[in-house]
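Below you'll find the structure, written out as C-alpha cells, and then a few comments.
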Amino acid sequence: MLVVVVYHFFPGFLRGGFVGVDIFFVISGFLITSHLLSRPPRSARDLAEFWGRRIRRLLPATFVVLAVTAVGVIIWAPQTVWTNWETQIAASALYIENWFLAGQAVNYLAADNAASPVQHFWSLSVEEQFYIMWPIVLMLAVLLASLARPALRRRVVTGVLGLVVAASFVVSVWVTATNPAGAYFLTWTRIWELGIGGLAACGFGWIQRRLEGRDGWRVVLAYLGLAMIAWSALTFTGSMPFPSYTAALPVVGTALVLVAAVRGGILSPRPVMSWQPVQFVGDVSYGLYLWHWPLVVLLPYVIGHALHRSDKIVAIMAAVVLAWLSKVLVEDVFRGRKPLGMPLRRSFIFAATGMIVFVVAAAGVVGWQAYRTASEKTAISHALNDPSSCFGARALAHPSSCTPHGDKLVTSPTFTAADQPAPYKDDCWILGDFAEQKTCHYGSSAPDAVQVALVGNSHAGHWLPALQQIAEQKNWSITTYLISECYTVDAVVNYESPARTSNCLAWNKKVIESVADKKYDLVVFSNRTFARMPGKTLAQTQVAAEREYESVLQKWSAAGRHVLVLHDTPYATDLPDVPDCVAKHISDLSACDGTTARKQGDPLATAAQQLNDPRVKMLDLTDRICSGDTCYSVVGGVIVYFDRGHLSATFARSLTPDIRAAADKLLQG
C-alpha cells in the first residue's frame, strides 16, 4: 500500500505507483487462498463463517472512514459535488464503487468530475467481490477434486482456479483494448490478478520442497520479483494499456517474491523486509489505505489551496497516525467473534445495517438537492419568459442596461452541475468505443414540421436546449446525430483504442451520407475539434480538419441542405470546474472569470466562412460570453458552463433568440 500512497501524494516521483493496487491484489489472493486451502469450505455454513470473519475484519474500519468522510464532504466540499460524492460513499459502503466508476469512465462528461474522496474504494470493492466469489469457486473445485484420486486432488483444484484466472486474463486484454477507461475498474478484468496470488498459494508447498536447501535460488527469485515491481512502479505510465497483459509484470513479480519465501543471509532482502518500520507499515496498511485518499481530496478544501510538498508530508504522517488509531481502536477490537459475538447472523446484521445507513444518508442529500433544483427551475422559467430581463446571454446583448454578472445568481452551482442537455439523461449519445450508432428525436412529430438535424460532438449537443425552445415556437422536428469527442469529418481521427478510431470514422461516413440523403430543411452543425489525426500535431490537425469540413459542407449544400454552423464556444481551460469555482467564490464572481485565451479556434467555422455559399451560414455567439478582455463564467445571473467547457442548458436557452433569428434568415434566404 505504501507504493500507492506515495504515488497518490507524489505522482511525478513514482509514475507507475498505481501498480501498488495490483501488488495488493496478488497478496490478498495469496493470503485468502492459503487460508481457504487450510480449511476448504464444504457447506453454506463454512461460507458464512468465512464471510463473517471478513465482515468483522474489514467493515468496522471501513464504516468509520466513510462516516468521517461523509461529514467532511458536507462541511468542506462545495455543494456541487455533494450528490455525486455522497452517492459514491454509499456505493463504497455497498462495495460496488468500482462499478460506479466504470460507468462514469465511459461517460465523456464525467472526465471533468473532481475525484471523490472515496474513489480508492474501487480496489476494495474488487477485493470484497473476490471474497464473495472465490470461496464458492474453491468449494466447487474441492467437491470436483473429491472425485479424483487423492494424489491428484490438489492438481484438480489448481486446474479449476487456473481456468478462472485464464478466462479473466483474456477478458482483461480484450476489454482493455475495446473499453480502456472502464476496464481499469471492472471486476472481471482484475480477478486474474488476485487469482495469480491464489495459484501461488496452491503451488506454494510444491515450490518450497524444490527450494529446500537452495537459499540462493530463493534470493534470486525474490530479487527478480522485486526488480519487476520496481521497474513497473518507476516506468509505467497512465497511457499504457492497463490492466491487460501489461499488469502481468508487477503481478508475476509479486508472486515470485511470495513463493521465494526468502530467508536470512547477507544478500537476502529478508532483513529489510523484517525491519520494524516496514513491519509497522504492513500492520497498519489497511487503515493507511483507507485514510490517505480522503486526506488527498479534502485537505485542499480545508486549507484553501492545493497541497504543497510540506502539506503532503504532514498529510502522510496524519494518515499513518489515523491508520494506527484505527487498528488499535477499531480493527483489533472487532477481530475474532467479539464484540459482535454469536450467533453468526449478528455479523451480517451489522454489515446490512451499516450499508443501509449510508444509502439512506446519500438518498437524503440527493433528495434535498432535488427539492432545491425544482425551486430554481420555477425561477428560471419566469426569467426566460420575461423579454425585458437581463437574464443570461441578454446581459451581454444589452450592455448599456445590464451588468455582465447580473444583479444576483439565479442558477446555483449545484443546479448548474446537473443542468445538462437532454441527451445525457436520455442516453442519446454515442459513447465508449462508439460501436452503438443511434439517433434521437426531439420536438414536433407533425407531418408538416420543419425537419432539423443537429450534428456533431458534445459541443453540438449543448445547443439542443435552445433548439428545443425554437421547436416549440416554430414547429421544428429535431433529429440528433450526437457522439462524444468524435468530430464530423470523412477522415481518420486517432483515439486511444483502434475500435474507437475505426468506429468514429464509420459513424462520420454514415452521418455525412444520411444528412445528404434525407430531406432536412436545416442542419445545425457544431464541433469541438481537438483529437488529432494520424501523424499530425494539433495545429496540423486543425488545418486538415478545415479542408475536411469544407468538403462535408459542400456535399450537404449540393444536396440542397441549409446548414447553420455554430462557432465553438469559449472553454474555461483555466479552471478545473466552473460551478465549483463559483461555489467557492459566491461573493466575488469575477474570481472565476477568464481572459480571451478561453476563446477557441474553430476550423469548422472558418470553413463555413470561406466557403461563401448562400446555403451555409456561420453564427458566432462568443460575444454573449466574452466582452472586451474578459470571458465570463457567470452572465446575467446564469453560470455559463455545467463543467468547464459545455454550456449549461439554461444558458443555452438564453441564446434562443440569436439562434432563431439566424435560422429564420437562412431558411428564408
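Read-outs: derived from the displayed coordinates by stated rules, not from any lab. These figures come from a predicted structure and were not determined experimentally. Quick reminder, even Gly has a Cβ in these numbers, built from the backbone with ideal geometry, and neighbours come from all protein chains shown.
Here is the tail figure for the range 444-527: Cα pairs spaced more than 19 Å apart come to 41 percent of all pairs.
Near the amide H of VAL638, within less than 5 Å, lie the amide hydrogens of GLY392, VAL410, all on another chain or at least 5 residues away, with H placed in the peptide plane.
When the charge dipole of the range 379-483 is built from unit charges on Cβ atoms (+1 for Lys and Arg, -1 for Asp and Glu) and taken about the Cα centre, the candidate among TYR442, GLN473, SER388 whose Cα reaches farthest toward its positive end is SER388. Taking every alpha-carbon pair under 8 Å whose residues sit at least 6 apart, the chain reaches a relative contact order of 15 percent.
Beta bridges from DSSP with both residues in the chain: antiparallel share about 35 percent, rounded to the nearest 5.
Annotation for ASP588 and ASN612: the two label points, set 7 Å from Cα along the Cα-Cβ direction, are 5.1 nm apart. A cysteine counts as unpartnered when no other cysteine's C-beta lies under 4.7 Å of its own; in the chain this applies to CYS202.
In the chain, the calculated helix contribution to ellipticity at 222 nm averages -18500 deg cm²/dmol per residue, counting -39,500 (n - 2.57) for every DSSP H run with n ≥ 4. Our note on the geometry: Cα centres of the range 1-45 and the range 395-461, 44 Å apart. As a rough footprinting exposure proxy, the listed residues LYS425, LYS408, LYS327 were ranked by other beta carbons within 10 Å of their own, and the order from fewest upward is LYS408, LYS425, LYS327. Using only Cα coordinates, the Kirkwood hydrodynamic radius of the range 581-669 works out to 14.8 Å. Distances between placed amide hydrogens fall under 5 Å for VAL616 paired with VAL563, all partners being 5 or more residues away or on another chain. The 3J(HN,Hα) values that the Karplus relation (6.51, -1.76, 1.60; θ = phi - 60°) gives for the range 283-300 are, in residue order, 5, 9, 4, 5, x, 4, 5, 5, 7, 5, 6, x, 5, 4, 7, 8, 4, x Hz. Gly and Pro appear as x.
Only Lys, Arg, Asp and Glu carry charge here, each on its Cβ (+1 for the first two, -1 for the last two); on that basis the chain has a dipole of about 2880 debye about its Cα centre. Here the contact order of the range 1-149, divided by its residue count and restricted to Cα pairs under 8 Å and six or more residues apart, works out to 24 percent. Projected over all directions and averaged, the alpha-carbon convex hull of the range 271-426 occupies 17.0 nm².
Counting every other Cβ atom within 10 Å of each residue's Cβ, VAL360, VAL142 order from fewest to most as VAL360, VAL142. Taking θ as phi - 60° and the Karplus parameters 6.51, -1.76 and 1.60, the scalar couplings of the range 214-227 work out to 10, 5, x, 5, 4, 5, 4, 4, 5, 5, 4, x, 5, 5 Hz in sequence order, x denoting glycine and proline. When the charge dipole of the chain is built from unit charges on Cβ atoms (+1 for Lys and Arg, -1 for Asp and Glu) and taken about the Cα centre, the candidate among SER92, THR656, LEU140 whose Cα reaches farthest toward its positive end is LEU140.
Ranked for footprinting exposure by Cβ neighbours inside 10 Å, fewest first, LEU152, LEU325, LEU604 give LEU152, LEU325, LEU604. With an a/c value of 1.5 or above and a/b not larger than b/c for the gyration tensor axes a ≥ b ≥ c computed over the alpha-carbon atoms, the range 516-669 is described as oblate.
For a paramagnetic label modelled on PHE10 (point 7 Å from Cα along Cα→Cβ), amide N atoms under 16 Å away belong, within the range 294-334, to 307-320. Here the Karplus relation 6.51 cos²θ - 1.76 cosθ + 1.60, evaluated at θ = phi - 60°, turns the backbone of the range 230-247 into coupling constants of 4, 4, 5, 5, 8, 10, 5, 10, x, 7, 7, x, 7, x, 6, 6, 4, 5 Hz, with x for every Gly and Pro. Taking the charge dipole of the chain about its Cα centre, with +1 at Lys and Arg Cβ atoms and -1 at Asp and Glu Cβ atoms, the residue from GLY354, VAL616, PRO300 reaching farthest to the positive side is GLY354. Compared with the dominant principal axis of the Cα atoms in the chain, helix 82-93 is inclined by about 20°. Around the amide H of SER627, modelled in the peptide plane, lie the amide H atoms of TYR632, all under 5 Å away and 5 or more residues distant in sequence or on another chain. By its C-alpha gyration tensor, with a ≥ b ≥ c as the square roots of the eigenvalues, how is the range 391-497 shaped: rounded for a/c under 1.5, else prolate for a/b larger than b/c, else oblate? It is oblate, given that a/c is not under 1.5 and a/b is not larger than b/c. With the simple model of a label 7 Å out from the Cα in the direction of the Cβ, ALA661 to THR537 spans 4.0 nm.
Using the Cβ-Cβ distance between ALA506 and MET133 with R0 set to 51 Å, the FRET efficiency from 1/(1 + (r/R0)^6) comes to roughly 0.85.
Taking a ≥ b ≥ c as the square roots of the Cα gyration tensor eigenvalues, with a/c under 1.5 meaning rounded and otherwise prolate when a/b beats b/c, else oblate, which class fits the range 1-91? Note, shape of the range 1-91 comes out oblate. Recomputing percent of Cα pairs over 35 Å apart from the coordinates shown identifies the correct label among (1) 41; (2) 48; (3) 51 as (3).
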